[in-house]
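To start, the structure itself, in structure tokens.
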């Protein structure tokens, strides 16, 4: 479906200006269009909705969908009959194709499988255009004219701190950008001192790291080693303790904003000055529900959320169990954004700290963020699920679940080699890696944490990687 980027931008601005009624009206229209499209073009949804009434404008009438079921029926789920799971997996397993369009027309991203299933997600041109429009609306709400002028004076350079391999949304976006002098990607897998040196040389006006990396960079600025002057810092993927956001803002002398999104819906929300995430309700629906999938009242924490992406027609996401626990604000947010406001309860950044060698034989702690470790292993072919457990000050125990047909010994060799290489690059060659006999373990919320820091029991933690 051909779309006009300018028309989408104008509509995004109009929807926000019109407040909750304008967003709700667009949501109803787009939901009806999506349901009709899915019913007509997706064999999976045609079967799932068989016997349901013609009018499905009431979202609560629709069945729940889950990643495991959708991936098991991938070829019938997608609405493009030329696309198959075998093709998508072959594309995802080829690192040379990162950033290239899948099948010549789709953006492909992968998820880490925190619910026990790897996901492969496609975004069509329409969904990509909506993502760009929501990004523009988000930045317009964050930046003043003075901020824009400051970014321009700083060369309008943007630094994305993201995985160096794998089909992740930020990596894909960076790879497709043409002006590498203004927008650059810096690997989260390199040692912190190397990352600091590269950022000092690049001097970004906008910095977009994982939240835990942002916290580490703030510490480097406080120590006088990081010398950059960004106007805006956009933190993603994880949550941090509330005081950390103010610390990062002070250390980097920048506005700090956050976003809550996922591969299934990369434009889901944007953060505000009050610390809430506002849903882009004109293009997405997020239903907070209890363990029985019944709605929970605003102000009450949910067990999970059901996501509906109204923009993507190649791979319809309808009442999809996302797995995150949220709290929806019961009243209007003072920031003035009309989108429903939520706080995510199920994502937190846990740093791993190891004793490292220092001058004159002294120990200097070395801290690693969890997502760089996790994303390193997500790119290993044949690895269905993994879990890195910090069992002792200098020991990591790695739990693996091989994909069917994968040689476990060969898989461990790849995993161990990658982990040893990363640890060595960070001056942690003395940290041992152990192959666990037990498989990855679920936490109390039913999800699989990719990284479990020391002294954080698996059974009581609620933090999960996205």
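The values are calculated or read from the model by the stated rules, or taken from the named source; none is laboratory data. In this text, all values refer to a predicted model and were calculated from it rather than measured experimentally. No Cβ is skipped: glycine too gets one built from the backbone with ideal geometry, and neighbour counts run over all protein chains shown.
Applying the criterion of being modelled with pLDDT of 85 or more and closer than 20 Å to residue 441 by Cα to the residues of the stretch 353-383, the residue that is surrounded by the most Cβ atoms within 10 Å (Cβ to Cβ) is 383. Each residue in the stretch 371-397 was checked for being in a strand (DSSP E or B) and either over 23 Å from the mean Cα position of the chain (by Cα) or farther than 15 Å from residue 448 by Cβ (or both), and 6 of them qualify.
Filtering the stretch 440-459 to residues that are exposed (fewer than 15 other Cβ atoms within 10 Å of the Cβ) and at pLDDT 80 or above leaves only 441.
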